[in-house]
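FYI, it's all coordinate maths here, none of it is from the lab. These numbers were taken from a predicted model, which means no experiment stands behind them. Positions of Cβ are generated from backbone atoms using ideal geometry, with glycine treated the same way; all protein chains shown enter the neighbour counts.
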Amino acid sequence: MNQLQLIRRIVLAVLLSVSSFWAIAQQWTPKQANDWYKNQPWLVGSNFLPASAINQLEMWQAESFDPKRIDKELGYAESLGMNTMRVFLHDMVWRQDAKGFKNRIDQFLALCAKHKIRPMLVLFDSCWDPQPKLGKQHAPVLGRHNSGWVQGPGAAILSDKTKWESLRSYVKDIVGTFRADKRILAWDIVNEPDNENNNSYGKNGKIKTELPNKAQLGVELVKAGFGWAREAKPTQPITSGPWKGDWSSLEKMDEMNKFLVQNSDVITFHNYGPPAEFQKRVNELKKFGRPLICTEYMARPAGSTFEGSLPIGKTEHVGMINWGFVSGKSNTIYPWDSWQKQYTAEPPVWFHDIFRENGQPYIAAETTFIRKMTGKGK
């Protein structure tokens, strides 16, 4: 091989490497994201966990997967005019039985399609119990909000980066399998990556099993997770949303929030504040020129309500996904402070959730309002 041929091969290798990098890792442009969003209806839905499950493991493990219950509850969603749901997966279920897990996801997507719902799938979650265990899940703790919800990955894997290759394999397999599935709206990489669970499993809680460096590990996980998801080349947008902090300018954002708004295809966020605060958050994020979807809101005693937030979302064309759907094992009718004080009866005002387990609305006027906003009540 002469020198010229060698140079040509080196140049070709570099070009192939660069093109491969962009094919895998390129974020959507604002135009691509907005063009995609123009083809979506106004997105309205809930974070979904069937009443029969206390957490993601109970929802997805073969022995407790409950398609009949899921079908019934998605019917309630369709009756409200909802067209999306945000649904949490779990790496442990994939590690236990990847093929079975993917089959159950496919069943779930078929049920969603039956009810004209396209879900956003969440790959990892930093909230609540850092020590998830497969198998039969414990019963709900009386009166305690999300007494059984688990983190994914758990602390044992999150704290040991030699085990992160399995997380990469999980993301690439799940996203890769469903990368072109039109039944899926989007991929949410990590829910609240730097949440330290201070008032439950963290420094102010009674259990104290949270990792001391949890926040930084969460930031590192979401950065890695974006890369793993890009490797799978999904046709759906990927995202992960800010949930606290100063969003008034890029310069004032912390490391994680800056990464999220600069790397998400569509920008998602959480807000449990009253209407004025919700509007402020929308205004702060609009300047990035990408579609906005609020993936968590609605905590009645905190002033975050359907009546207060949905009209702003509709006017601003912000997708709206509230927390809580059918009251059940999650116990999310109880407030966050139920980790500090005991509730022995149904609270006077439900914190989250829309329906009782039997399908009756908690507040009939509220479901009427949701239907009016979605156009289902015409």
statement: Flagged in region 46-81 as of a type in the set (G, A, S), closer than 27 Å to W128 by Cα and touching a Gly at 6+ places or on another chain (Cβ under 8 Å), in numbering order, are S46, A51, S52, A53, A62, A77
Flag for T332 being over 16 Å from E366 (Cα atoms), under 19 Å from the mean Cα position of the chain (by Cα), among the hydroxyl-bearing types (S, T, Y) and in a loop (DSSP other than H, G, I, E, B): yes
- request: Go through region 312-348 and give me each residue that's in contact with a helix residue (DSSP H, G or I) (Cβ under 7 Å, 6 or more places away or on another chain) and more than 24 Å from D71 (Cα to Cα).
  value: I312, K314, E316, V318, P335
- line: Of the listed residues (L74, L134), the one being in a helix (DSSP H, G or I) and in contact (Cβ under 8 Å) with a residue 24 or more places away in the chain is L74
query: Can you name every residue in region 54-71 that is in contact (Cβ under 8 Å) with a residue 40 or more places away in the chain and not in a loop (DSSP other than H, G, I, E, B)?
result: Q56, L57, E58, W60, P67, I70, D71
- prompt: Would you call A365 without any contact (Cβ under 8 Å) to a residue 12 or more places away in the chain, surrounded by fewer than 21 Cβ atoms within 10 Å (Cβ to Cβ) and among the aliphatic types (A, V, I, L, M)?
  reply: yes
message: Suppose we filter F278, F351 for residues that are in contact with a helix residue (DSSP H, G or I) (Cβ under 8 Å, 6 or more places away or on another chain) and in a helix (DSSP H, G or I); which single one remains?
response: F278
statement: When every residue in region 82-96 that is part of a loop (DSSP other than H, G, I, E, B) and in contact with a Gly (Cβ under 6 Å, 6 or more places away or on another chain) is compared, the one farthest from V326 (Cα to Cα) is H90
task: Would you check if there is a residue in region 144-167 being acidic (D, E) and either under 19 Å from the mean Cα position of the chain (by Cα) or part of a strand (DSSP E or B) (or both)?
output: no
- request: Using the structure shown, decide if G375 is closer than 27 Å to R281 by Cα and not polar (S, T, N, Q).
  value: yes
